[in-house]
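The values are calculated or read from the model by the stated rules, or taken from the named source; none is laboratory data. Predicted, not measured: the structure shown is a model, and the values here were computed from it. Using ideal geometry, Cβ is built from the backbone for each residue, glycine included, and neighbour counts are taken over all protein chains shown. Calculation scope for accessible area: heavy atoms of the full protein, side chains included, ligands and nucleic acids excluded. Shrake-Rupley method; radii C 1.70, N 1.55, O 1.52, S 1.80 Å.
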Amino acid sequence: MVFITLFFTYEMKNLKISAYFKEQVGEKSCYVKAEKYIIKTFSIRDILFIAVPKNQNVKEIEKNLEKLPEIPFTFSAQDFPKIIKKDILEEIGLCGEYKGEEYNLILVTISRSPEDTVRKIRKIARENGWKIYMFGNAYFSVVALDYVNRILKIFTPIGLVIMLLVFYARLRSFGAAVLAFLPTGIATVVVLGAYAMIGKIITMENVLMPIITLVMGSASAIHLSATYLSEEEKDPFLKSYNAFKSVFYPMFMASLTTIIGFLSLCFVDSPAVKELGKSGAFGITAASLSTWFFLPPLMTFIKEKKKERTDVGYFSILLKLKRKNLVFFVLFVLFFTLFIPTAKKEFNSTVFFRKNSSLLEGMRVVQSISGFNIPVFVSFKLDRKSDDPEVMELLKNFEKRIDGLASRVISPLTISNLFKKINIPFLSSFLRKYLSFFLLYNEKDRSMLVIVFPKRIDTETHIKIKEVADSFKNAPGVRNVLVAGDTYKYIEMNEKVLKDQLKSVFIVILVITLSMIVMLKNALWGVISVVPIASTILNIFGVIGLFRIPLNIITAYVANISLGAGIDYAIHFLYALKKLKKIELALGLTGRNILANAFGIGLGFSLLLFSPLAVHVHIGILMLVSMLMASIYTLMFLCGIFAKRG
């Protein structure tokens, strides 16, 4: 055990971290095909937007930035002569106000290594004391990497301490808590060390894997150590053997169903979701094996201070309620079910981050002063030249119809209008510099590009923009219309994956039901056992609606995890009931462990409420609620069903 721990701890020095997020959708996606065509047909560079308060020297900032070899040139209002009126610069989007403060906008072109370039810019800004806001795809990646680092290096140790305290509260002995939790801690080290050995990178998808291993992998250790303390045998070795023999089968089934819950995510057609499933299953497998092999001998060192209680205690209220438990169970389920229709599907790059994050604040500043946002690219394939009057009329109609949906549109028409407003011959060089950002027409392919910056980054707005674009497919002179943008790939992935996830949930429920029938050797008991967890899964979507949490693949995968973990409570309770015959004995033996496990997992995941990533906050809320819900539903429903076995 010591050798394994030291070996994998040593390997952890090679652990690699990245903000990389697997491709949202496959190559067959119409949005991926449109994106490839637009990149090939038009000259699109990676652009970083920098908002600078008016009291700072924009020209000096530009000069410093252009010293970087990765930045060919920058562009701002300072590139125009002072005779240009402010309202024209505002129309171009190079200056504006945010919360009463005036800002200038610098557009920075990045030719290579965008993430490294952004890091250099941040370093230069800190050294020079610039107060600036940045926004762009490369900046998103850099901030995401910072967050992944913080979660892995800070949250994992805190999670370890929290779970150690949970063990201490349950076992009422610090020495027993350390020994009982040690195998789970070792499993976490093994998982991280194994990732380092095989060169697997810690990313946005699997950064929670150590926390999942610590929190959910501790379930078996809690049950086994509590059973050990309840044994009457005086000899520690026989006591450990009896405890392990007594709970191994339910422990094995509980671990197996949790692993199945994670593996069910591998049937979803999304690389990101599959990574979540494989990482979680690997972590739980490592924690289970570590507990089964290392905890029995470790328990022999536990010096018992106080006998583990096996009386009913405060659970006597469930025995007194008898069949009334079923009434309360149904009322709770119906209450949360009412909120399912209010759950709203939403998935885009901004849902990952907290609203008060510096990243989204930078986006709001840039959007407020310039109207620039995460863009939508609309390509019109034409059968005539771009200067044809019908083409200009088509653009005019398109821009008119999306006026309420877009904060800014860049097209040949908007550029043409800009020329008319700035009718000064010697400014042509400046305009050419501006236009070099956006080559909006490909003469050879007779394709025209329109860049739309939506007012809102949400599913509804993007669907409406696409509907408007698609309505021009049969317009005179148009061969086809293509729409592309990162948000569309997120929307498509969300729609497709949510359907796959629902199917996987039904399959897992069926597999778990069959497993329970085999374990309990009773078909009726097997079906009854899954009712509480199935109700919990249904109510998770009600909780999503109640708390206005976006329904997407990240929040929905909690259902798969809860399904595998929440069935544990029915496994332990019914196995004890089958063995002890009386409900009060089964409740006394397992009730405290069930609630301790639920509170432990809930408390462990509540750590995510402090995560810089909004999606982790949502997972923390849903896991806390779902585990408490699963444990309470299990005890209420089963005590109601088997009330006559008192």
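Data overview
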item	result
Qualifying residue in the range 379-390 (condition: modelled with pLDDT under 85, in a helix (DSSP H, G or I) and either over 19 Å from THR461 (Cα atoms) or not basic (Lys, Arg) (or both))	yes
Positions within the range 459-476 being in contact with a helix residue (DSSP H, G or I) (Cβ under 9 Å, 6 or more places away or on another chain) and open to solvent by less than 10 Å² (accessible area, probe 1.4 Å), in sequence order	HIS462, ALA469
Qualifying residue in the range 601-612 (condition: under 30 Å from MET204 (Cα atoms) and not in a helix (DSSP H, G or I))	yes
From VAL481, VAL527, VAL508, residue being open to solvent by 40 Å² or more (accessible area, probe 1.4 Å) and among the β-branched types (Val, Ile, Thr)	VAL527
From the options TYR195, TYR147, TYR133, residue that is under 20 Å from the mean Cα position of the chain (by Cα), surrounded by 20 or more Cβ atoms within 10 Å (Cβ to Cβ) and at pLDDT 85 or above	TYR147
Residues located in the range 234-251, provided they are touching a residue at least 24 places away in the same chain (Cβ under 8 Å) and open to solvent by 30 Å² or more (accessible area, probe 1.4 Å)	PRO236, PHE237, TYR241, PHE244, PHE248, TYR249
Residues (touching a residue at least 12 places away in the same chain (Cβ under 8 Å) and over 17 Å from VAL409 (Cβ atoms)) located in the range 370-389	LYS381, LEU382, ASP383, ARG384, LYS385, ASP388
Leading residue by the ranking (surrounded by the fewest Cβ atoms within 10 Å (Cβ to Cβ)) among those in the range 421-458 that are modelled with pLDDT under 80, of a type in the set (A, V, I, L, M) and closer than 25 Å to VAL108 by Cα	LEU439
Count of the range 13-36 residues which are touching a helix residue (DSSP H, G or I) at 6+ places or on another chain (Cβ under 6 Å), modelled with pLDDT of 85 or more and buried (at least 17 other Cβ atoms within 10 Å of the Cβ)	1
Those residues of the range 522-534 which are under 24 Å from the mean Cα position of the chain (by Cα) and in contact (Cβ under 8 Å) with a residue 60 or more places away in the chain, in sequence order	ILE533
Subset tally (residues that are farther than 18 Å from VAL166 by Cα, surrounded by 22 or more Cβ atoms within 10 Å (Cβ to Cβ) and in contact with a Phe, Trp or Tyr (Cβ under 8 Å, 6 or more places away or on another chain)) for the range 612-628	3
Breaking point among (1) touching a Gly at 6+ places or on another chain (Cβ under 8 Å); (2) under 24 Å from ILE162 (Cα atoms), for ASP568	(1)
Qualifying residues in the range 331-359 (those that are outside any helix (DSSP H, G or I) and of a type in the set (A, V, I, L, M)) - the one surrounded by the most Cβ atoms within 10 Å (Cβ to Cβ)	ALA343
Members of the range 159-195 that are farther than 16 Å from THR213 by Cα and either touching a residue at least 40 places away in the same chain (Cβ under 8 Å) or not in a helix (DSSP H, G or I) (or both)	ALA169, ARG170, LEU171, ARG172, SER173, GLY175, ALA176, LEU179
Test: residue in the range 370-384 that is surrounded by fewer than 16 Cβ atoms within 10 Å (Cβ to Cβ), touching a strand residue (DSSP E or B) at 6+ places or on another chain (Cβ under 6 Å), more than 30 Å from LEU502 (Cα to Cα) and not small (Gly, Ala, Ser)	yes
Condition met for SER246 (at pLDDT 85 or above, over 28 Å from ALA176 (Cβ atoms) and among the polar types (S, T, N, Q))	no
Residue within the range 560-569 that is in contact (Cβ under 8 Å) with a residue 12 or more places away in the chain, among the β-branched types (Val, Ile, Thr), touching a Ser or Thr at 6+ places or on another chain (Cβ under 9 Å) and closer than 26 Å to GLU346 by Cα present	yes
Within the range 357-380, considering residues that are more than 17 Å from the chain's Cα centre (by Cα) and polar (S, T, N, Q), the one farthest from VAL543 (Cα to Cα)	SER379
Helices (runs of 4 or more DSSP H) within the range 500-600 that include 1 or more residues under 30 Å from GLU231 (Cα atoms) and in contact with a strand residue (DSSP E or B) (Cβ under 6 Å, 6 or more places away or on another chain)	none
Test: residue in the range 291-301 that is under 28 Å from THR156 (Cα atoms), free of Cβ contacts under 8 Å to residues at least 40 places away in the same chain and in a helix (DSSP H, G or I)	no
Among residues of the range 111-130, those that are touching a Leu at 6+ places or on another chain (Cβ under 7 Å) and open to solvent by 10 Å² or more (accessible area, probe 1.4 Å), counted	1
Single residue of ILE201, ILE211 found to be open to solvent by 10 Å² or more (accessible area, probe 1.4 Å), of a type outside the set (Ser, Thr, Tyr) and within 26 Å of the chain's Cα centre (by Cα)	ILE201
Test: residue in the range 37-49 that is at pLDDT below 85, of a type in the set (S, T, N, Q), open to solvent by less than 70 Å² (accessible area, probe 1.4 Å) and within 27 Å of VAL108 (Cα to Cα)	yes
